[in-house]
Amino acid sequence: MSRAADARAQRRRRGPARLALTFTPLIDIVFLLLLYFLLVAQFKSREENLELDLPRSGPSARADPFALPAEPITVTVRSTGDGARDLAVGSDDPLIGAPGTLDEFAGAVARAAREALTADQLVLIRPAPGTRWEHTVSVIHAVKRAGLPRVRVLEPAA
């Protein structure tokens, strides 16, 4: 038998050559990528500055005795779901009425601010128990965009 025939016969006895894939370098690369993304990722959300007219206490809170008190507008906020627009807004002011959605509320406040309210009008926002902070902040932004900068957030209703 020739040498070539011997080699073919030997290959037939051993079976086809197997290719082996080594997982160690693959696992090393995956862990390096994981470590890289953990170090590069920012897990903090961006902070935002909200200017609120907080209630004052003590001797510096004296009011002018001759000024006519303006009735504050109370706005109630209630979350109806987890989405950014899943909220219900209500108001005790007849100019604003009782809008249901955030867009209706923003339109009603802007219209009332243009027609009848002054820039020093106080707006009190009272979130319902369990209301998401994101929904309360959306209402604060809607009031401030309407041109009413004096906003206070009250404790949630009991």
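Taken together, the values in this text are just the output of simple stated rules run on the coordinates, not laboratory data. Just so it is clear, the model here is predicted, and its values are computed rather than measured. As a convention, Cβ positions derive from the backbone with ideal geometry for all residues, glycine included, and neighbour counts pool all protein chains shown.
Give me the mean projected area, in nm² to one decimal, of the convex hull enclosing the Cα positions of region 70-153.
Values: hull surface 18.6 nm².
Average of the hull's projected areas for region 70-153 equals 4.6 nm².
What ranking, highest mean first, results for peptides 109-120, 27-38 when packing means the other Cβ atoms within 10 Å averaged over each residue? Spell out each step's value before the answer.
Numbers: 109-120: 14.7, 27-38: 9.9.
In descending order of packing, they fall as 109-120, 27-38.
Just need the relative contact order of region 70-153 here, percent rounded to a whole number, with Cα pairs under 8 Å and 6+ apart. Don't skip to the answer; put the middle values down first.
Values: 158 pairs, mean separation 28.4, N = 84.
The value is 34 percent.
Placing +1 at every Lys and Arg Cβ and -1 at every Asp and Glu Cβ, with all other atoms neutral, what dipole size does region 70-153 have around its Cα centre, in debye to the nearest 20? Working shown, then result.
Working: 10 positive and 10 negative charges, 42 e Å.
Magnitude of the dipole: close to 200 debye.
Could you sort 84-93, 148-157 so that the peptide with the highest average Cβ count within 10 Å comes first and the rest follow in order?
On the way: 84-93: 17.4, 148-157: 15.6.
Descending mean neighbour count gives 84-93, 148-157.
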